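> Just passing along the structure, written as structure tokens.
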Amino acid sequence: MILLLFGPPGSGKGTQSAKLVERQGFCQISTGDLLRSSIREGTTLGIKAKSYMDNGDLVPDEVVIGMVDGVLRQKLHAGISKFIFDGFPRTVEQARRLDGLLEQSGLKADEAVFIEISRSELVKRLTGRRVCSSCGAVYHVTTSPSKTDGICDKCGGNLIQRSDDQESVIKSRLDIYDSAALVLRRYYEGQGVARVIDGNSSVEDVYQRIISKNTLGP
Ligand code: AP5
């Protein structure tokens, strides 16, 4: 089962992926998380990606595709075949290359879910988001705060604001998403797997909308 989760920055892809992992046993592949961990580890890939990410720009296709190829091969080798892709693909080139990678293992995208949401809500979510610098858990200062201010409930790590969650960078990230989303939606409509859901409600409501299709099941 291959689920692709699309949505603008702050639409809840990471939040929903965490639920799908916990409740449905998916394995999450988040290119944003992978890139951030490469930056933390100071790898060549991380050094290359950092300036793009800090400015809200997309990291070049070849860098991201190579990274996904490596991780996907590793997971498939470990016998995993139920994946959520969060934040990938972001360009048609990435989508084509993902199709190729999946095909090599007899897999294909089963569902491409596009979360739609108002811009004002996105800005509220992104400016209030805090993430754990150790385990990556996601919080929000008003809608899902940690029990102790600034400390992760799960691992005790420090909560920080992502460098690309500054208002000046947020606008550019949202514009980049808008210009790519329609093309990607058409691409997956062409495969008969695209589905659009409303993301303007509670985490649980959005989760129910994602799993509402028979293929995912409750
Ligand atoms: P990435 O990490 O993928 O970021 P993004 O797409 O910008 O998405 P976000 O992580 O910002 O938001 P989200 O939708 O996961 O929301 P979340 O669940 O955290 O990418 C970052 C950068 O990496 C890119 O800009 C690019 O540079 C690079 N990159 C990544 N992939 C790439 C690729 N394939 N190609 C090229 N470059 C790539 O929720 C947000 C907040 O809202 C949280 O505080 C949460 O608690 C809250 N929240 C969530 N749901 C709800 C709800 N229903 N109600 C109220 N609050 C909610």
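> Without any contact (Cβ under 8 Å) to a residue 40 or more places away in the chain, more than 20 Å from Ser11 (Cα to Cα) and either more than 8 Å from the ligand (Cβ to nearest atom) or crowded, with 17+ Cβ neighbours inside 10 Å (or both), is that true of Gly100?
Values: without any contact (Cβ under 8 Å) to a residue 40 or more places away in the chain: yes; more than 20 Å from Ser11 (Cα to Cα): yes; either more than 8 Å from the ligand (Cβ to nearest atom) or crowded, with 17+ Cβ neighbours inside 10 Å (or both): yes.
Considered against the rule, which asks whether it is without any contact (Cβ under 8 Å) to a residue 40 or more places away in the chain, more than 20 Å from Ser11 (Cα to Cα) and either more than 8 Å from the ligand (Cβ to nearest atom) or crowded, with 17+ Cβ neighbours inside 10 Å (or both), Gly100 comes out as yes.
> Return the residues of the range 17-32 that are near the ligand (Cβ under 7 Å from one of its atoms) and either of a type in the set (Val, Ile, Thr) or part of a helix (DSSP H, G or I) (or both); say none if nothing qualifies.
At the first step, the residues of the range 17-32 found to be near the ligand (Cβ under 7 Å from one of its atoms) are 30-32.
Passing the criteria: Thr31, Gly32.
> Also, quick follow-up: Consider only pairs whose beta carbons are under 6 Å apart and that are at least six residues apart or on different chains; among these, list those whose first residue lies in the range 11-22 and is without any contact (Cβ under 8 Å) to a residue 12 or more places away in the chain and whose second residue is outside any helix (DSSP H, G or I) and near the ligand (Cβ under 7 Å from one of its atoms).
Between residues of the range 11-22 that are without any contact (Cβ under 8 Å) to a residue 12 or more places away in the chain and residues that are outside any helix (DSSP H, G or I) and near the ligand (Cβ under 7 Å from one of its atoms), there is no close pair.
A quick yes/no check of all residues on (1) modelled with pLDDT under 95; (2) among the β-branched types (Val, Ile, Thr); (3) near the ligand (Cβ under 8 Å from one of its atoms):
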{"site": "Pro145", "(1), (2), (3)": "no, no, no"}
{"site": "Gly156", "(1), (2), (3)": "no, no, no"}
{"site": "Arg162", "(1), (2), (3)": "yes, no, yes"}
{"site": "Ser168", "(1), (2), (3)": "yes, no, no"}
{"site": "Lys171", "(1), (2), (3)": "yes, no, no"}
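> Of a type in the set (A, V, I, L, M, F, W, C), in contact (Cβ under 8 Å) with a residue 12 or more places away in the chain and within 8 Å of the ligand (Cβ to nearest atom): is that true of Ala95 in this structure?
Working: of a type in the set (A, V, I, L, M, F, W, C): yes; in contact (Cβ under 8 Å) with a residue 12 or more places away in the chain: yes; within 8 Å of the ligand (Cβ to nearest atom): no.
Spelling it out, it is not the case that Ala95 is of a type in the set (A, V, I, L, M, F, W, C), in contact (Cβ under 8 Å) with a residue 12 or more places away in the chain and within 8 Å of the ligand (Cβ to nearest atom).
> Restricting the search to the range 1-29, which residues are out of contact with any Phe, Trp or Tyr (no Cβ under 6 Å at 6 or more places or on another chain), farther than 9 Å from Phe85 by Cβ and among the aliphatic types (A, V, I, L, M)?
Met1, Ala18, Val21
> Being in a helix (DSSP H, G or I) and either among the small types (Gly, Ala, Ser) or more than 20 Å from Val21 (Cα to Cα) (or both) is the filter here; which residues of the range 68-101 pass it? Talk me through it step by step, then tell me what you get.
First, the residues of the range 68-101 that are in a helix (DSSP H, G or I): 68-77, 92-101.
The answer is Asp69, Gly70, Val92, Glu93, Gln94, Ala95, Arg96, Arg97, Leu98, Asp99, Gly100, Leu101.
> Next question. I want to confirm something. Restricting to the range 74-89 and keeping residues that are away from the ligand (no atom under 16 Å from the Cβ) and in contact with a Ser or Thr (Cβ under 9 Å, 6 or more places away or on another chain), which single residue is farthest from Leu34 (Cα to Cα)? Write out each step before concluding.
Of all residues in the range 74-89, those away from the ligand (no atom under 16 Å from the Cβ) come to 74-82.
If we keep only those that are in contact with a Ser or Thr (Cβ under 9 Å, 6 or more places away or on another chain) too, we end up with 75-76, 81.
Details: Lys75: 14, Leu76: 17, Ser81: 19 Å.
Checking each candidate, the answer is Ser81.
> Looking at the range 115-143, which of the residues that are assigned to a loop (DSSP other than H, G, I, E, B) and hydroxyl-bearing (Ser, Thr, Tyr) is farthest from the ligand (Cβ to nearest atom)? It would help to see each step written out before you state the result.
First pass over the range 115-143, keeping only residues assigned to a loop (DSSP other than H, G, I, E, B): 117-118, 133-137, 141-143.
Next cut, hydroxyl-bearing (Ser, Thr, Tyr) only: 118, 133-134, 142-143.
On the way: Ser118: 12, Ser133: 15, Ser134: 16, Thr142: 9, Thr143: 4 Å.
Only one residue tops the list, namely Ser134.
> When the residues of the range 62-83 are filtered to those that are of a type outside the set (Lys, Arg) and in contact with a Cys (Cβ under 7 Å, 6 or more places away or on another chain), which remaining residue is farthest from Ala112 (Cα to Cα)? Can you show your working first?
Of the range 62-83, the ones of a type outside the set (Lys, Arg) are 62-72, 74, 76-81, 83.
Those left that are additionally in contact with a Cys (Cβ under 7 Å, 6 or more places away or on another chain): 80, 83.
Values: Ile80: 19, Phe83: 12 Å.
Ranking the candidates gives Ile80 first.
> For the range 45-56, does any single residue satisfy the condition of being assigned to a loop (DSSP other than H, G, I, E, B), within 8 Å of the ligand (Cβ to nearest atom) and crowded, with 18+ Cβ neighbours inside 10 Å?
There is at least one residue in the range 45-56 that is assigned to a loop (DSSP other than H, G, I, E, B), within 8 Å of the ligand (Cβ to nearest atom) and crowded, with 18+ Cβ neighbours inside 10 Å.
> For the range 195-210, check the following and say yes or no: at least one residue is within 10 Å of the ligand (Cβ to nearest atom) and among the β-branched types (Val, Ile, Thr).
As a first pass, look at the range 195-210 and keep what is within 10 Å of the ligand (Cβ to nearest atom): 199-207.
Narrowing further to those that are among the β-branched types (Val, Ile, Thr): 203, 206.
For the range 195-210, residues within 10 Å of the ligand (Cβ to nearest atom) and among the β-branched types (Val, Ile, Thr): present.
> Give the range 163-212 a look and list any residue that's farther than 25 Å from His140 by Cα and part of a helix (DSSP H, G or I), or say none.
Within the range 163-212, Ser179, Ala180, Ala181, Leu182, Val183, Leu184, Arg185, Arg186, Tyr187, Tyr188, Glu189, Gly190 meet the criteria.
The values are calculated or read from the model by the stated rules, or taken from the named source; none is laboratory data. Remember, predicted model here, so these are calculated numbers, not experimental data. We place every Cβ from the backbone using ideal geometry, glycine too, and count neighbours over all the protein chains shown.
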